[in-house]
Structure formats: structure tokens, C-alpha cells
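One structure below.
The values are calculated or read from the model by the stated rules, or taken from the named source; none is laboratory data. This is a predicted model, so every value here is computed, not measured. Because the Cβ atoms are built from the backbone with ideal geometry, glycine has one as well, and the counts that use them run over all protein chains shown. Keep in mind that these areas ignore ligands, DNA and RNA; they rest on the heavy atoms of the full protein, side chains included. Shrake-Rupley method; radii C 1.70, N 1.55, O 1.52, S 1.80 Å.
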Amino acid sequence: MHSYIKASLAPIKNIGLIKLYDQESFKCMKKSGMLAAKCLDFIEPYVQEGNTTEYLDKLIYEFALSNNCIPATLYYRGYPASSCISLNNVICHGIPGKKKLKEGDILNIDVTLIYEGWYGDTSRMFKVGKVSRKAEILVDITKECLMEAIKILKPGIRTGDIGARIQEIAEKNRFSVVEDLCGHGIGKIFHDHPNILHFGKKGHGYELKEGMIFTIEPMINAGTKDIKLLSDGWTIVTRDKELSAQFEHTVGITKDGCDIFTIN
Ligand code: MF3
Ligand code: CO
Ligand code: CO
């Protein structure tokens with residue numbers, strides 16, 4: 001099967017093959033990933049009651065430019081901002097705006113920074129003041145889903161193993177996994193082959209090989225998995241208006257495990 005291709009021989013676009021990157025590319029991804037992680041560290045103290053999400057986005061834009069990065073989401077397919085900020089019942093792709101943060105809110109901030117042509121994509125949950133116990137647990141379990149999935153990564157496992165692990169943890173805690181959005185190959189393009197589903201069956205999907213680079217970004221709902229797209233064409237919310245949480249890292253498969261690029 002011709003499913004994989006040496007990344008240095010492939011055009012910089014989605015050609016439906018899985019690109020395998022070399023050591024030099026991993027170094028580049030570590031830099032862009034680290035900058036994206038630093039951006040989220042930087043924004044944390046501003047995630048406070050009274051601040052608007054638009055203000056946070058402006059700070060992210062300035063952080064990117066002052067670190068020689070381009071915010072990948074800005075004008076991507078017409079998306080109007082440098083980050084996605086998704087509050088409470090918003091699953092993902094929340095557009096920053098005039099809404100003020102208030103005590104009890106949980107929010108995902110998702111940034112993708114391009115540094116020297118390489119994309120680092122990461123998101124985390126933030127809490128405003130004291131949040132409900134349910135919100136607290138949802139956030140903790142969603143982080144656990146991502147980190148436990150990362151723990152199993154190595155050559156030879158399959159993408160279905162990743163999804164199965166995430167689904168297992170979410171459902172054990174009576175949460176649901178969003179199925180309409182997924183992780184993705186990444187490198188010198190934002191969204192590449194393959195899709196990384198956050199649900200699935202062990203032993204199914206693509207085999208992981210050394211040199212693969214992709215994101216894992218589970219979206220976990222407190223209620224049902226059903227989504228709704230708002231009329232702005234971007235914002236995706238839970239159909240039942242319950243809370244949703246998400247964490248994301250960009251990772252690269254190594255000889256016997258993985259590198260997490262989006263850490264500081
Ligand atoms: N950063 C998101 C991801 O994790 C993509 C956002 S695309 C946007 O893949 F256009 F909505 F910003
Ligand atoms: Co992503
Ligand atoms: Co992202």
C-alpha cells in the first residue's frame with residue numbers, strides 16, 4: 001500500500017498520503033510547538049472575569065507577531081481571528097467577541113502558530129474563578145483522555161487504538177465523545193491527512209509509523225455527543241446546551257514512542 005511518503009519528497013499540500021518527517025523537521029516542529037505552548041502560558045493571567053474574548057485574541061495576535069509567528073487561523077478559510085475561544089457549551093471554533101468572561105465559565109483557547117513555515121497547534125481549558133464540580137470533572141477527564149492517548153503512541157499501533165482509548169475514558173465517566181471533528185496531520189500545512197478520530201475500535205485505522213506528525217484534540221461533552229453549527233458558519237455548540245471541553249497537542253511519532261511538540 002502506498003499510504004506513506006517521505007515528507008521531503010511530497011508537495012506541501014494534502015495529497016491523501018501520510019507524510020513521514022525526518023529529524024530536522026521534528027526540530028522545527030519543536031520550535032513552533034513550544035511557541036504555541038508559550039502563547040497559552042502567556043494568556044493565562046488574562047483569563048479573568050470582566051475581560052472580553054476579543055481582548056484575549058488581540059493579546060494572542062500581538063504575542064504571535066512579537067515572536068515572529070503568524071497566527072494560522074487568521075483568514076484561514078475566512079476565519080476572522082488569531083485564536084478560537086470556546087466557552088461553556090461551545091465545543092470549538094468559538095469566534096472571539098465582545099462577551100465578557102464571568103466567574104464559573106470554562107473555556108478552551110486554541111492557538112496555532114506558524115514559525116518558519118511550521119505549524120504548532122495546541123489548546124487548553126481555562127477556568128474563570130470557581131467553577132462547578134461538574135465542569136471541574138469534565139475538564140480533568142478531557143485532559144486525561146488526551147494524555148492517556150498520548151501515552152500509547154508508538155510505531156505499530158493504529159489510529160483506531162487512539163480513538164478507542166479516548167472513548168473508553170470518556171464513557172467510563174459518563175461523558176460523550178464528539179464525532180464530527182477530529183485531530184489531523186500537520187507540518188507545513190495546517191490540516192493534512194490523516195484524520196485522527198477520537199472514537200473507534202482497537203486495531204482499526206492507519207498504522208502509526210516513525211516520523212508521522214499529527215494532532216490529538218478530543219472534544220468531550222457532559223451530555224450527548226450531538227453538535228450544532230451556529231449561523232456564523234463557525235461556532236460549534238452542544239445540541240443539548242451542556243458543557244464541552246477540549247485539549248490539544250501536536251505530536252510526532254518516534255522510534256519507540258512520541259515527542260509532544262506543544263510543550264514549553
Ligand atoms: N486550531 C483548530 C484545530 O485544532 C482549527 C481552527 S480552524 C479555524 O484544528 F478556522 F476555526 F480557526
Ligand atoms: Co488541530
Ligand atoms: Co487547534
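Looking at the stretch 238-257, which of its residues are within 17 Å of Leu87 (Cα to Cα), open to solvent by less than 10 Å² (accessible area, probe 1.4 Å) and more than 16 Å from ligand 2 (Cβ to nearest atom)?
Thr238
List every residue pair whose Cβ atoms lie under 6 Å apart, where the two residues are 6 or more positions apart in sequence or sit on different chains, the first residue falls within the stretch 107-136 and is more than 14 Å from ligand 3 (Cβ to nearest atom) and of a type in the set (Phe, Trp, Tyr), and the second residue, located anywhere, is part of a helix (DSSP H, G or I) and open to solvent by 10 Å² or more (accessible area, probe 1.4 Å).
Pairs found: Tyr115/Lys31; Tyr115/Leu35; Trp118/Cys28.
Against the condition under 25 Å from Phe126 (Cβ atoms), away from ligand 3 (no atom under 16 Å from the Cβ) and hydrophobic (A, V, I, L, M, F, W, C), how does Leu146 come out, does it pass?
No, not satisfied.
Taking the options Lys134, Lys130, Lys99, name whichever one is open to solvent by 20 Å² or more (accessible area, probe 1.4 Å) and either touching a strand residue (DSSP E or B) at 6+ places or on another chain (Cβ under 8 Å) or of a type in the set (Gly, Ala, Ser) (or both).
Of the residues listed, the single one that is open to solvent by 20 Å² or more (accessible area, probe 1.4 Å) and either touching a strand residue (DSSP E or B) at 6+ places or on another chain (Cβ under 8 Å) or of a type in the set (Gly, Ala, Ser) (or both) is Lys99.
Are any of the residues in the stretch 79-92 at pLDDT 95 or above, at negative phi, out of contact with any Pro (no Cβ under 9 Å at 6 or more places or on another chain) and open to solvent by 60 Å² or more (accessible area, probe 1.4 Å)?
The answer is no, given that none of the residues of the stretch 79-92 is at pLDDT 95 or above, at negative phi, out of contact with any Pro (no Cβ under 9 Å at 6 or more places or on another chain) and open to solvent by 60 Å² or more (accessible area, probe 1.4 Å).
Return yes when Gly163 is at positive phi and over 14 Å from the mean Cα position of the chain (by Cα) and no when it is not.
no
Given Thr215, Thr238, which one is out of contact with any helix residue (DSSP H, G or I) (no Cβ under 8 Å at 6 or more places or on another chain), over 21 Å from Pro71 (Cα atoms) and modelled with pLDDT of 95 or more?
Result of the check over Thr215, Thr238: Thr238.
Could you list, ordered by first residue, the pairs with Cβ atoms under 7 Å in which the first is in the stretch 69-88 and touching a residue at least 60 places away in the same chain (Cβ under 8 Å) and the second is of a type in the set (Phe, Trp, Tyr) and surrounded by fewer than 24 Cβ atoms within 10 Å (Cβ to Cβ), at least 6 apart or interchain?
Every condition considered, the pairs that remain are Ala72/Phe190; Tyr76/Phe190; Tyr79/Trp234.
Just to verify a result, which residue in the stretch 212-225, among those that are under 19 Å from the mean Cα position of the chain (by Cα) and closer than 22 Å to Ser132 by Cβ, is most open to solvent (accessible area, probe 1.4 Å)?
Lys225
From the list Lys209, Lys172, pick out the single residue that is open to solvent by 40 Å² or more (accessible area, probe 1.4 Å), free of Cβ contacts under 8 Å to residues at least 12 places away in the same chain and not hydroxyl-bearing (Ser, Thr, Tyr).
Only one candidate passes the filter, namely Lys172.
Restricting attention to the stretch 1-60, and to residues there that are assigned to a loop (DSSP other than H, G, I, E, B) and among the hydroxyl-bearing types (Ser, Thr, Tyr), which single residue is nearest to Gly252 (Cα to Cα)?
Result: Tyr21.
Mind listing whichever residues of the stretch 27-68 are crowded, with 19+ Cβ neighbours inside 10 Å and small (Gly, Ala, Ser)?
Ser32, Gly33, Ala36, Ala37, Ala64
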